[in-house]
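Peer 1: Shown below is the structure under consideration.
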Amino acid sequence: MRMKAAVSREVGRLGIEEVELDRPQDTEILIRMQAAGVCHSDLHTYRGELRATPPLVLGHEGAGVVETAGSRVSRFKPGDKVVVNWLPACESCPTCLSGRHNLCERLARTTFRALMLDGSTRLKTTDGMPLKHMLSAATMAEYAVVDECGAVPVPADVPYEIAAVVGCAVATGVGAVTHTAQARPGLPAAVIGCGGVGLSAVQGCKLAGCNPIAAIDVLDSKLAFARTLGATHVINSSEVDLVDALRELTGQGPEYVFDSVGAAQTIDAALRAVRPGGTATIVGLHAAKSEVAISAGALVLQNKRLLGSFVGSTRPRLDLPLLLELYRAGKLQLDDLVTKRYPLDELPQAFDDMEAGNVARGVLVF
Ligand SMILES: [Zn+2]
Ligand SMILES: [Zn+2]
């Protein structure tokens, strides 16, 4: 079938164009997209900064309605409301069996190379050039074909935009706190960076009962928003040294620091800021291709822990429904997280707004 999609034909090039999408095979479903989240990973991908490179259709966060299902699909039927799970773990490899679905051994061969789970693609340009599917998802399009393990059911009363961001930013931010660091109640926490992931980490700290919860950013508007989501204190790190400010607030430093930026500077600050014995968790991908110097003394002599958190150590088929239920119960404030909606044609504007820090989370709506 023919449809409109966000296509990157080569590194650095982005266009909205008509493409051809093949019908879903045995265990695959065709989803009519209703919402697709705009994420830094999309930007990094079309600029060629991540493992999967163009030509491809962008997008990995998304929610929609199942239109048709392949002959061997057992979990979904046409009409079902779903969120795309861009970590379609096999749930049977040794890594999955150990509970680390976010690191499933199949993902490196397929999803992280922007291929379907059988290693092929279902997309091509109208002039016949094969296109890959970003993270086996390619949600920035009117329709997407995914394997049924790449989708999770969504309750009828959860808006599509909310479901779309739960599948990435929220799972990443909340999961870093609850799964990766396994934060305990009553202990002080800090979150560096107040984009979609950082604001979700702030909410994760609130769910975990951390106290106080400090939010750190360079934009006062984002800090004000973080307060409404559970931050008890805010620090503008363009005005004060964040390590000093956190020490002033907590004495020895927070027990937990979550770095949603992941730049060399913020990773270093996170490790320096945590109290002796405390845990610095790195969630952001800013320095993904760089070497970062850290203080070996801080790690050993102060018994600090430095953890990496990939998508919040999430097991999507288990965790996404739990997060959707927390939203329904009013325990996750996600309505305000989606600050701007765009038609597919305005994707370049959505990227610009995200880079300028004008939005907590932008979402394409179809
Ligand atoms: Zn994302
Ligand atoms: Zn696996």
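The values are calculated or read from the model by the stated rules, or taken from the named source; none is laboratory data. If you're wondering where the values come from, they're calculated on a predicted model, not measured in any experiment. Every residue, glycine as well, gets a Cβ built from its backbone with ideal geometry; the counts of neighbours run over all protein chains shown. To get the accessible areas, we keep the full protein, side chains included, count just its heavy atoms, and leave off ligands, DNA and RNA. Shrake-Rupley method; radii C 1.70, N 1.55, O 1.52, S 1.80 Å.
Peer 1: Taking the stretch 242-259 as the search range and keeping residues that are part of a helix (DSSP H, G or I) and touching a helix residue (DSSP H, G or I) at 6+ places or on another chain (Cβ under 8 Å), which one is farthest from K222 (Cα to Cα)?
Peer 2: Per the stated criteria, the residue is R247.
Peer 1: Picking from T172, T178, which residue would you name as being surrounded by fewer than 24 Cβ atoms within 10 Å (Cβ to Cβ), away from ligand 2 (no atom under 16 Å from the Cβ) and outside any loop (DSSP other than H, G, I, E, B)?
Peer 2: Checking each option against the conditions leaves just T178.
Peer 1: Of all the residues that make up the stretch 89-104, how many are out of contact with any Leu (no Cβ under 9 Å at 6 or more places or on another chain) and either not aliphatic (A, V, I, L, M) or not in a helix (DSSP H, G or I) (or both)?
Peer 2: Counting residues in the stretch 89-104 that are out of contact with any Leu (no Cβ under 9 Å at 6 or more places or on another chain) and either not aliphatic (A, V, I, L, M) or not in a helix (DSSP H, G or I) (or both) gives 6.
Peer 1: For the stretch 228-251, how many residues meet the condition of being farther than 27 Å from K331 by Cα, hydroxyl-bearing (S, T, Y) and buried (at least 18 other Cβ atoms within 10 Å of the Cβ)?
Peer 2: Here is the first cut: in the stretch 228-251, the residues farther than 27 Å from K331 by Cα are 237-245, 247-248, 251.
After this cut, where a residue has to be hydroxyl-bearing (S, T, Y) as well, the list is 237-238.
Pick out the ones that are also buried (at least 18 other Cβ atoms within 10 Å of the Cβ) and you get 237.
Selection size over the stretch 228-251: 1.
Peer 1: Under 7 Å between Cβ atoms, which residue pairs at least 6 apart in sequence (or on different chains) link something in the stretch 96-113 that is in contact (Cβ under 8 Å) with a residue 12 or more places away in the chain with a partner that is crowded, with 17+ Cβ neighbours inside 10 Å and charged (D, E, K, R)?
Peer 2: G99/R315; H101/R315
Peer 1: Criterion first (of a type outside the set (D, E, K, R) and without any contact (Cβ under 8 Å) to a residue 60 or more places away in the chain) does A201 satisfy it?
Peer 2: No; evaluated as a whole, the condition is false for this residue.
Peer 1: Tell me whether the stretch 325-335 contains one or more residues that are in the same structural domain as E49 (by TED's automatic domain parsing), basic (K, R) and open to solvent by 60 Å² or more (accessible area, probe 1.4 Å).
Peer 2: So far as the stretch 325-335 goes, no, none of its residues is in the same structural domain as E49 (by TED's automatic domain parsing), basic (K, R) and open to solvent by 60 Å² or more (accessible area, probe 1.4 Å).
Peer 1: Of all residues in the stretch 43-74 being among the charged types (D, E, K, R) and out of contact with any strand residue (DSSP E or B) (no Cβ under 8 Å at 6 or more places or on another chain), which is modelled with the highest pLDDT?
Peer 2: Result: R72.
Peer 1: Looking at the stretch 128-162, which of its residues are assigned to a strand (DSSP E or B), open to solvent by 10 Å² or more (accessible area, probe 1.4 Å), under 17 Å from D22 (Cβ atoms) and in contact with a helix residue (DSSP H, G or I) (Cβ under 9 Å, 6 or more places away or on another chain)?
Peer 2: Answer for the stretch 128-162, where residues must be assigned to a strand (DSSP E or B), open to solvent by 10 Å² or more (accessible area, probe 1.4 Å), under 17 Å from D22 (Cβ atoms) and in contact with a helix residue (DSSP H, G or I) (Cβ under 9 Å, 6 or more places away or on another chain): K132, D147.
Peer 1: Turning to a different aspect of this structure: Is at least one residue of the stretch 81-96 more than 16 Å from ligand 2 (Cβ to nearest atom) and open to solvent by 10 Å² or more (accessible area, probe 1.4 Å)?
Peer 2: Within the stretch 81-96, one or more residues are more than 16 Å from ligand 2 (Cβ to nearest atom) and open to solvent by 10 Å² or more (accessible area, probe 1.4 Å).
Peer 1: Scan the stretch 27-43 for residues that are within 16 Å of ligand 1 (Cβ to nearest atom) and open to solvent by less than 40 Å² (accessible area, probe 1.4 Å) and report the count.
Peer 2: The number of residues fulfilling the criteria is 9.
Peer 1: Something else about it: Out of all the residues in the stretch 252-264, which are surrounded by fewer than 20 Cβ atoms within 10 Å (Cβ to Cβ) and either at pLDDT below 95 or in contact with a Pro (Cβ under 6 Å, 6 or more places away or on another chain) (or both)?
Peer 2: Hits for the stretch 252-264 are A263, A264.
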